[in-house]
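To keep things clear, I will list the structure first and then write my remarks on it.
The values are calculated or read from the model by the stated rules, or taken from the named source; none is laboratory data. Predicted, not measured: the structure shown is a model, and the values here were computed from it. Because the Cβ atoms are built from the backbone with ideal geometry, glycine has one as well, and the counts that use them run over all protein chains shown. Heads up: the accessible areas ignore ligands, DNA and RNA and are worked out on the full protein's heavy atoms, side chains in. Shrake-Rupley method; radii C 1.70, N 1.55, O 1.52, S 1.80 Å.
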Amino acid sequence: MAYHWPANTVFRDLTLEIEDRCCWHCTQALKVCCHRLRRFFTCGGPVQLLCKLCHCPDPTCAGHTKTVSPEEETALVMPYWVLGWDVFCWLGHRRFARHWSVPQIREELNDHFAIALSVDAIERYVGRYQLMLAARQQDPHALASAYRRAKGLILTIDGLQPEKGHETLYVVRELTQKRVWFAEALLSSTAAEVQRLLARARAWVERLGLPVRCWISDKQDAFVTGIAAEFAGVPHRYCNNHFLRDLAKPVLEADSHAKVKMRKRVRGLRAIEREVLAERGADTPAAVAADAAVLEQASTEAPSAATAGDVVLDYCAAVRGILNDNHGGPLQPPGERMAEALTEVRQSLQRNLEAKKGGPRQRA
Ligand SMILES: [Zn+2]
């Protein structure tokens, strides 16, 4: 709580006293023995809180050495915090429900509530908020209420390793209610450790009293054996995402080979373009290269050689664009799209040939 309050801060004063002024041990009336002064932010401005601390006046009573704080204090602010609960909740809500960044929260705290906090301090509060949220998520009563209409459970487990050589974070999620049940970082991902997590999941399932429809995972050995042991008879399915990811590698490899082959076949664009430009410079009648024979024919009826040249250059630009297009993932492989686009260009050229007409046309 090493917050530096500016000298000109205006505080609202608040005093709290103990409600139950009776010693727990000897029932004598407690006496105020000292005061605790603390300052914290609320959405309504800074507060200076005076807490009257009490103890039993009888030196022979066990209650004499124990100082009692006013019960209400932690309802306003937690020990050592500089933010009251209202600001704390505002901050957590902006971060996790509205997905604001920490710098954004920092500026808004300053602009809106005149609360000046460092990025580090805000991150610490965000961390505390996450802890409370996780505790709330795991609360058995809250969980039972979230699942009161559920008919069954679909569970998943996955390990995420943020960095090589570091501990792996294992996350158990339930898909029908879209909830993270719990997460634990394991340094050694042995089958026994993983099975411990699965046993914990089983305890949760038993507490909810709902049937598990299936488990989904990437089918690591530890998951396969652990789930079979803890959830005998429950189907264990391979995760779609992992399945696609495993399939993507060979698909993209094959696609890449196909792309290289297509590029080899479609060549000489630069030569055609140079020829068109040279002709235009010499102002000779159209006589286009072999690759663009189509356009040579097309140009016979064209109003001028310049127009036919434009068409050739446009085709070249389009084909170059197709050859350089590298976008698309495994579901839309770039090579496949290249093949489709090149086919469209060929069909377009073919149509021109058949029509024997010049002029710019709609292309692929
Ligand atoms: Zn006492």
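At-a-glance table
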read-out: Residues satisfying the stated conditions in the range 63-79, i.e. charged (D, E, K, R), over 30 Å from LEU117 (Cβ atoms) and either surrounded by 15 or more Cβ atoms within 10 Å (Cβ to Cβ) or touching a Ser or Thr at 6+ places or on another chain (Cβ under 6 Å) (or both); value: none
read-out: Residue within the range 219-227 that is touching a residue at least 40 places away in the same chain (Cβ under 8 Å) and basic (Lys, Arg) present; value: no
read-out: Residue that is farthest from the ligand (Cβ to nearest atom) [pool: residues in the range 1-14 that are open to solvent by 80 Å² or more (accessible area, probe 1.4 Å) and in a loop (DSSP other than H, G, I, E, B)]; value: ASN8
read-out: Residue list for the range 181-215, filter: open to solvent by 70 Å² or more (accessible area, probe 1.4 Å) and either touching a helix residue (DSSP H, G or I) at 6+ places or on another chain (Cβ under 9 Å) or part of a helix (DSSP H, G or I) (or both); value: LEU187, ALA192, ARG196, ARG200, ARG202, GLU206, ARG207
read-out: Some residue of the range 246-261 being at pLDDT below 85, over 20 Å from GLU184 (Cα atoms), open to solvent by less than 80 Å² (accessible area, probe 1.4 Å) and in a helix (DSSP H, G or I); value: no
read-out: Filter result for the condition that a residue is open to solvent by 60 Å² or more (accessible area, probe 1.4 Å), under 30 Å from ALA228 (Cα atoms) and aliphatic (A, V, I, L, M), over ALA114, ALA135; value: ALA135
read-out: Enumeration of residues in the range 47-62 that are open to solvent by less than 30 Å² (accessible area, probe 1.4 Å) and either more than 9 Å from the ligand (Cβ to nearest atom) or not in a loop (DSSP other than H, G, I, E, B) (or both); value: VAL47, LEU49, CYS51, LEU53, CYS54
read-out: Count of residues meeting criterion [assigned to a helix (DSSP H, G or I) and under 9 Å from ARG38 (Cβ atoms)] in the range 67-86; value: 1
read-out: Residue in the range 153-175 that is farthest from ALA191 (Cα to Cα), counting only those that are part of a loop (DSSP other than H, G, I, E, B) and of a type outside the set (D, E, K, R); value: LEU175
read-out: Residue in the range 15-35 that is open to solvent by less than 40 Å² (accessible area, probe 1.4 Å), of a type in the set (S, T, N, Q) and more than 14 Å from the ligand (Cβ to nearest atom) present; value: no
read-out: Matching residues, the range 163-209, being among the aliphatic types (A, V, I, L, M) and more than 21 Å from the chain's Cα centre (by Cα); value: LEU186, LEU187, ALA191, ALA192, VAL194, LEU197, LEU198, ALA199, ALA201, ALA203, VAL205, LEU208
read-out: Search result, residues across the range 258-279 that are touching a residue at least 40 places away in the same chain (Cβ under 8 Å) and within 42 Å of the chain's Cα centre (by Cα); value: ALA258, LYS259, MET262, ARG263, VAL266
read-out: Condition met for GLY84 (closer than 24 Å to GLN130 by Cα, more than 16 Å from the ligand (Cβ to nearest atom), out of contact with any Ser or Thr (no Cβ under 7 Å at 6 or more places or on another chain) and touching a residue at least 40 places away in the same chain (Cβ under 8 Å)); value: no
read-out: Filter result (assigned to a loop (DSSP other than H, G, I, E, B) and touching a residue at least 40 places away in the same chain (Cβ under 8 Å)) within the range 21-43; value: CYS23, CYS43
read-out: Unmet criterion (only one of (1) out of contact with any helix residue (DSSP H, G or I) (no Cβ under 6 Å at 6 or more places or on another chain); (2) closer than 20 Å to PHE41 by Cβ; (3) in contact (Cβ under 8 Å) with a residue 24 or more places away in the chain) for GLN137; value: (2)
read-out: Residue list for the range 112-152, restricted to those being part of a helix (DSSP H, G or I) and aromatic (Phe, Trp, Tyr); value: PHE113, TYR125, TYR129
read-out: Some residue of the range 97-108 being open to solvent by less than 70 Å² (accessible area, probe 1.4 Å), free of Cβ contacts under 8 Å to residues at least 40 places away in the same chain and over 21 Å from the mean Cα position of the chain (by Cα); value: yes
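Residues are listed down the side, and each one gets a yes or a no for (1) within 46 Å of the chain's Cα centre (by Cα); (2) at pLDDT below 90:
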{"site": "TYR3", "(1), (2)": "yes, yes"}
{"site": "PHE11", "(1), (2)": "yes, no"}
{"site": "THR15", "(1), (2)": "yes, no"}
{"site": "CYS22", "(1), (2)": "no, no"}
{"site": "CYS26", "(1), (2)": "no, no"}
{"site": "ALA29", "(1), (2)": "no, no"}
{"site": "CYS33", "(1), (2)": "no, no"}
{"site": "ARG38", "(1), (2)": "yes, no"}
{"site": "THR42", "(1), (2)": "yes, no"}
